[in-house]
Amino acid sequence: QSFTLWLAPEPKDAVCALQEMLWQAVPDCDDTRKQRDGFTPHLSVGQVRSKQGLDTVLPLLQDNWDVLTIRPQKVDLIWRNEKPDDVFRVGYSIALGTGEIQRVNM
């Protein structure tokens, strides 16, 4: 088993509103909407390969956690191929504020 560790923004409303605006701009990029619970705002920070690893790492991270405040400057639209080439790649970057779109990898 593999477990992904991720951070959840609080409050999540602003991130959900941004995702909705992005989806309106690129409606064919709807993978997150196909998930059982829809879009879940998060920032992946790592993986552990066992339940034992999760039970060890998670309390350490939670016990030493400080609140982090960020102001994003851009949104990266990511994609990946099927296995074995299933590494996430950035396709486009969209600057927040100006809306400038930069093609990165395609």
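The values are calculated or read from the model by the stated rules, or taken from the named source; none is laboratory data. From a predicted model like this one, the values you see are computed outputs, not experimental measurements. With ideal geometry, Cβ positions are generated from the backbone for all residues, glycine too; neighbour counts draw on all protein chains shown. SASA here: full protein model, heavy atoms, side chains in, ligands and nucleic acids out. Shrake-Rupley method; radii C 1.70, N 1.55, O 1.52, S 1.80 Å.
Relative to the dominant Cα principal axis of the chain, helix 51-63 is inclined by about 80°.
Rolling a 1.4 Å probe across the protein heavy atoms gives the chain an accessible surface of 85 Å² per residue. Heavy-atom surface analysis with a 1.4 Å probe gives the range 15-106 a carbon and sulfur content of 54 percent of its accessible area. Stokes-Einstein diffusion of the range 1-76 at 10 °C, 1.306 mPa s viscosity, Kirkwood radius from Cα pairs, rounded to a whole number: 109 µm²/s. Specify which residue in the list 39, 77, 19 is farthest towards the positive end of the charge dipole of the chain, using unit charges on the beta carbon of Lys, Arg (+1) and Asp, Glu (-1), about the Cα centre. After comparing all options, I get 77. Each stretch of four or more DSSP H residues adds -39500 (n - 2.57); spread over every residue of the chain, this sum gives -8000 deg cm²/dmol at 222 nm.
Less than 5 angstrom separates the built amide H of residue 47 from those of 5, all sequence-distant by 5 or more or on a different chain. For the set 103, 80, 71, the ranking by accessible area, highest first and with no ligand, DNA or RNA atoms included, is 71, 103, 80 under a 1.4 Å probe.
Ignoring the sites themselves, the chain has its longest run without chymotrypsin sites (Phe, Trp or Tyr not before Pro) in a DSSP loop having at most 11 other Cβ atoms within 10 Å at 1-64. Taking label positions 7 Å along the Cα-Cβ direction at both residue 71 and residue 101, the computed distance is 2.7 nm, reported to one decimal. If contacts are Cα pairs under 8 angstrom and at least 6 residues apart, what is the relative contact order of the chain in percent? Taking the mean separation of contacting Cα pairs over the length of the chain, I get 22 percent.
With respect to the chain, whose longest principal axis is taken over its alpha-carbon atoms, helix 13-25 is tilted by about 40°. Using heavy atoms of the protein chains and a probe of 1.4 Å, the accessible area assigned to residue 77 is about 40 Å².
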